[in-house]
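Colleague: Have a look at the structure that comes next, please.
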Amino acid sequence: MRESGILMPVSALPSSTGVGELGADTFRFIKNLKHSGVKIWQILPLNPAGYGNSPYQPYSSCAGDEIYISLEELYKQGLLKSCRRFSQKCGKGGLSGGERMEGALSPGSLQQFSGNRGLSEVCGAAWVKTYGMFRALKKENGNRCWNEWKAEDKSWPETGAEVPAHVKEEVQYQMFLQYVFYCQWMAVKKAAN
(Lines give C-alpha, C1' and ligand atoms only; values in the text may rest on other atoms or scores of the structure.)
Protein backbone atom coordinates (compact mmCIF):
# COMPACT_ATOMS: atom_id res chain seq x y z
CA MET A 1 0.00 0.00 0.00
CA ARG A 2 1.35 3.41 -0.94
CA GLU A 3 1.06 6.44 1.28
CA SER A 4 2.12 10.01 0.83
CA GLY A 5 4.03 12.07 3.36
CA ILE A 6 5.68 15.41 3.87
CA LEU A 7 8.76 16.68 5.66
CA MET A 8 7.79 19.93 7.37
CA PRO A 9 9.64 21.24 10.42
CA VAL A 10 7.37 22.77 13.06
CA SER A 11 9.52 25.91 12.89
CA ALA A 12 8.53 26.40 9.23
CA LEU A 13 4.80 26.52 9.95
CA PRO A 14 3.10 29.92 9.95
CA SER A 15 2.76 31.77 13.23
CA SER A 16 1.96 35.28 14.37
CA THR A 17 4.77 35.13 16.94
CA GLY A 18 7.71 34.65 14.56
CA VAL A 19 8.36 30.90 14.46
CA GLY A 20 6.15 27.88 13.91
CA GLU A 21 4.68 26.69 17.18
CA LEU A 22 2.37 24.07 18.64
CA GLY A 23 -0.76 26.18 18.30
CA ALA A 24 -3.69 26.94 15.99
CA ASP A 25 -1.64 27.09 12.77
CA THR A 26 -0.23 23.63 13.46
CA PHE A 27 -3.71 22.20 13.94
CA ARG A 28 -4.81 23.86 10.68
CA PHE A 29 -1.81 22.26 8.95
CA ILE A 30 -2.78 18.83 10.31
CA LYS A 31 -6.37 19.35 9.13
CA ASN A 32 -5.09 20.26 5.65
CA LEU A 33 -2.88 17.15 5.59
CA LYS A 34 -5.85 14.95 6.43
CA HIS A 35 -8.02 16.70 3.84
CA SER A 36 -5.31 16.11 1.21
CA GLY A 37 -4.93 12.44 2.10
CA VAL A 38 -1.39 12.87 3.43
CA LYS A 39 -0.80 10.17 6.06
CA ILE A 40 2.79 10.89 7.17
CA TRP A 41 4.18 14.09 8.63
CA GLN A 42 7.89 13.95 9.30
CA ILE A 43 9.30 16.67 11.51
CA LEU A 44 12.81 17.75 12.46
CA PRO A 45 14.04 17.58 16.08
CA LEU A 46 12.15 19.66 18.64
CA ASN A 47 14.97 19.61 21.21
CA PRO A 48 16.44 22.87 22.58
CA ALA A 49 19.04 23.93 20.03
CA GLY A 50 22.52 23.91 21.52
CA TYR A 51 25.89 25.01 20.17
CA GLY A 52 25.58 26.81 16.83
CA ASN A 53 21.79 26.88 17.28
CA SER A 54 21.74 23.31 15.98
CA PRO A 55 18.90 20.93 16.87
CA TYR A 56 21.37 18.11 16.22
CA GLN A 57 23.54 19.27 19.13
CA PRO A 58 20.81 19.93 21.72
CA TYR A 59 21.07 20.75 25.40
CA SER A 60 18.95 17.65 26.02
CA SER A 61 17.80 14.68 23.99
CA CYS A 62 14.58 14.53 26.03
CA ALA A 63 13.56 18.18 26.45
CA GLY A 64 11.44 20.23 24.08
CA ASP A 65 12.51 23.69 22.98
CA GLU A 66 10.29 26.35 24.53
CA ILE A 67 10.43 28.25 21.23
CA TYR A 68 7.69 25.89 20.01
CA ILE A 69 5.32 26.65 22.89
CA SER A 70 2.27 28.44 21.54
CA LEU A 71 2.10 31.81 23.23
CA GLU A 72 -1.43 32.34 21.96
CA GLU A 73 -2.57 29.13 23.69
CA LEU A 74 -0.95 30.27 26.94
CA TYR A 75 -2.62 33.67 26.58
CA LYS A 76 -6.01 31.99 26.10
CA GLN A 77 -5.38 29.95 29.26
CA GLY A 78 -4.65 33.14 31.20
CA LEU A 79 -1.00 32.18 31.76
CA LEU A 80 0.46 35.09 29.79
CA LYS A 81 0.11 38.79 30.51
CA SER A 82 0.43 39.55 26.80
CA CYS A 83 1.15 37.81 23.54
CA ARG A 84 3.83 39.52 21.47
CA ARG A 85 3.35 39.50 17.74
CA PHE A 86 6.21 38.87 15.34
CA SER A 87 5.97 42.23 13.60
CA GLN A 88 5.99 44.14 16.89
CA LYS A 89 9.22 42.82 18.37
CA CYS A 90 11.70 41.24 16.01
CA GLY A 91 13.18 41.18 12.56
CA LYS A 92 13.81 38.32 10.16
CA GLY A 93 15.68 36.10 12.60
CA GLY A 94 12.89 35.92 15.15
CA LEU A 95 13.27 35.51 18.88
CA SER A 96 14.75 32.63 20.82
CA GLY A 97 12.42 30.67 23.06
CA GLY A 98 13.74 32.44 26.13
CA GLU A 99 13.27 35.87 24.57
CA ARG A 100 9.72 35.00 23.53
CA MET A 101 8.86 33.89 27.07
CA GLU A 102 10.95 36.43 29.01
CA GLY A 103 8.68 38.31 31.39
CA ALA A 104 5.58 37.14 29.57
CA LEU A 105 4.25 34.66 32.13
CA SER A 106 1.66 36.09 34.46
CA PRO A 107 2.59 36.28 38.12
CA GLY A 108 1.27 33.14 39.72
CA SER A 109 1.22 31.10 36.48
CA LEU A 110 3.31 28.39 38.08
CA GLN A 111 1.23 28.53 41.28
CA GLN A 112 -1.95 27.85 39.27
CA PHE A 113 -0.52 24.40 38.64
CA SER A 114 0.61 23.54 42.16
CA GLY A 115 -0.83 20.16 43.00
CA ASN A 116 -1.56 19.47 39.30
CA ARG A 117 -1.14 15.72 38.72
CA GLY A 118 0.14 16.14 35.16
CA LEU A 119 2.73 18.68 36.25
CA SER A 120 3.85 16.39 39.06
CA GLU A 121 4.19 13.44 36.66
CA VAL A 122 6.20 15.33 34.03
CA CYS A 123 8.39 17.12 36.56
CA GLY A 124 8.86 13.89 38.47
CA ALA A 125 10.94 12.47 35.63
CA ALA A 126 14.61 12.58 36.66
CA TRP A 127 15.71 14.17 33.39
CA VAL A 128 13.32 17.13 33.88
CA LYS A 129 14.93 18.22 37.15
CA THR A 130 18.41 17.67 35.69
CA TYR A 131 17.50 19.71 32.61
CA GLY A 132 15.92 22.47 34.70
CA MET A 133 19.04 22.62 36.85
CA PHE A 134 21.30 22.71 33.79
CA ARG A 135 19.36 25.59 32.22
CA ALA A 136 19.27 27.53 35.51
CA LEU A 137 23.01 27.07 36.08
CA LYS A 138 23.75 27.98 32.47
CA LYS A 139 21.81 31.23 32.91
CA GLU A 140 23.53 31.83 36.28
CA ASN A 141 26.91 31.46 34.55
CA GLY A 142 26.20 33.97 31.78
CA ASN A 143 25.07 31.29 29.27
CA ARG A 144 28.68 30.16 28.89
CA CYS A 145 29.63 26.58 28.05
CA TRP A 146 29.41 24.34 31.14
CA ASN A 147 33.19 23.81 31.30
CA GLU A 148 33.58 27.57 31.92
CA TRP A 149 31.17 27.60 34.89
CA LYS A 150 32.07 28.07 38.52
CA ALA A 151 33.51 24.82 39.98
CA GLU A 152 30.54 24.14 42.29
CA ASP A 153 28.10 24.57 39.41
CA LYS A 154 29.85 22.37 36.89
CA SER A 155 30.24 19.58 39.47
CA TRP A 156 26.51 19.57 40.32
CA PRO A 157 25.69 16.38 38.34
CA GLU A 158 28.32 14.39 40.25
CA THR A 159 27.56 15.83 43.67
CA GLY A 160 23.78 15.79 43.28
CA ALA A 161 23.61 18.60 45.82
CA GLU A 162 20.31 20.26 46.68
CA VAL A 163 19.17 22.94 44.29
CA PRO A 164 20.78 26.18 45.49
CA ALA A 165 18.25 28.75 46.69
CA HIS A 166 19.46 31.42 44.26
CA VAL A 167 18.49 29.29 41.21
CA LYS A 168 15.53 27.35 42.63
CA GLU A 169 12.91 29.60 41.01
CA GLU A 170 14.61 29.32 37.60
CA VAL A 171 14.82 25.52 37.94
CA GLN A 172 11.08 25.37 38.67
CA TYR A 173 10.37 27.70 35.75
CA GLN A 174 12.38 25.53 33.33
CA MET A 175 10.59 22.42 34.59
CA PHE A 176 7.23 24.17 34.14
CA LEU A 177 8.16 25.05 30.55
CA GLN A 178 8.83 21.37 29.89
CA TYR A 179 5.38 20.55 31.24
CA VAL A 180 3.75 23.16 28.99
CA PHE A 181 5.72 21.91 25.99
CA TYR A 182 4.71 18.33 26.77
CA CYS A 183 1.01 19.21 27.03
CA GLN A 184 1.01 21.16 23.77
CA TRP A 185 3.06 18.49 21.96
CA MET A 186 0.72 15.70 23.13
CA ALA A 187 -2.31 17.68 21.85
CA VAL A 188 -0.63 18.07 18.44
CA LYS A 189 0.39 14.40 18.38
CA LYS A 190 -3.15 13.31 19.25
CA ALA A 191 -4.59 15.45 16.45
CA ALA A 192 -2.04 14.12 13.96
CA ASN A 193 -2.58 10.46 14.88
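Colleague: Going by Cα centres, segment 22-69 and segment 112-185 are how many Å apart?
Modeller: 22 Å
Colleague: Also, I was wondering about something else. Give me the percent of accessible area attributable to carbon and sulfur for segment 24-71, probe 1.4 angstrom.
Modeller: It is 52 percent, rounded to a whole number.
Colleague: Taking only protein heavy atoms into account and a 1.4 Å probe, give the accessible area per residue of segment 19-81 in Å².
Modeller: Each residue of segment 19-81 exposes 55 Å² on average to a 1.4 Å probe.
Colleague: Sorting check: for 151-163, 21-33, 128-140, 48-60, which peptide has the highest mean count of neighbouring beta carbons within 10 Å, and how do the rest follow?
Modeller: The most tightly packed comes first, giving 128-140, 21-33, 48-60, 151-163.
Colleague: May I ask for the net charge around M175, where only other residues with Cβ less than 10 Å from the Cβ of M175 are counted and Lys, Arg are +1 while Asp, Glu are -1?
Modeller: Within the 10 Å Cβ shell, the charges total +1.
Colleague: Continuing with the same structure: Give me the accessible area per residue for segment 146-193, probe 1.4 Å, as a whole number in Å².
Modeller: I get 63 Å² per residue for segment 146-193.
Colleague: How large, in percent, is the carbon and sulfur part of the accessible surface of segment 149-193 at a probe radius of 1.4 Å?
Modeller: 56 percent
Colleague: Okay, next question. At a Förster radius of 30 Å, what calculated FRET efficiency corresponds to the Cβ-Cβ distance of A12 and S61, to the nearest 0.05?
Modeller: 0.85
Colleague: Using a basic spin-label model with each label point 7 Å from the Cα along Cα→Cβ, how many nm lie between L44 and E158?
Modeller: 3.6 nm
Colleague: Along segment 163-179, what does the Karplus equation 6.51 cos²θ - 1.76 cosθ + 1.60 (θ = phi - 60°) give for ³J(HN,Hα), rounded to whole Hz, x for Gly and Pro?
Modeller: My calculation for segment 163-179 gives 5, x, 4, 6, 10, 4, 4, 5, 4, 4, 4, 5, 5, 4, 4, 5, 5 Hz in order.
The values are calculated or read from the model by the stated rules, or taken from the named source; none is laboratory data. Quick caveat, the model's predicted, so the values are computed rather than measured. With ideal geometry, Cβ positions are generated from the backbone for all residues, glycine too; neighbour counts draw on all protein chains shown. Remember, those area values only see protein heavy atoms, side chains included, never the ligands or the DNA or RNA. Shrake-Rupley method; radii C 1.70, N 1.55, O 1.52, S 1.80 Å.
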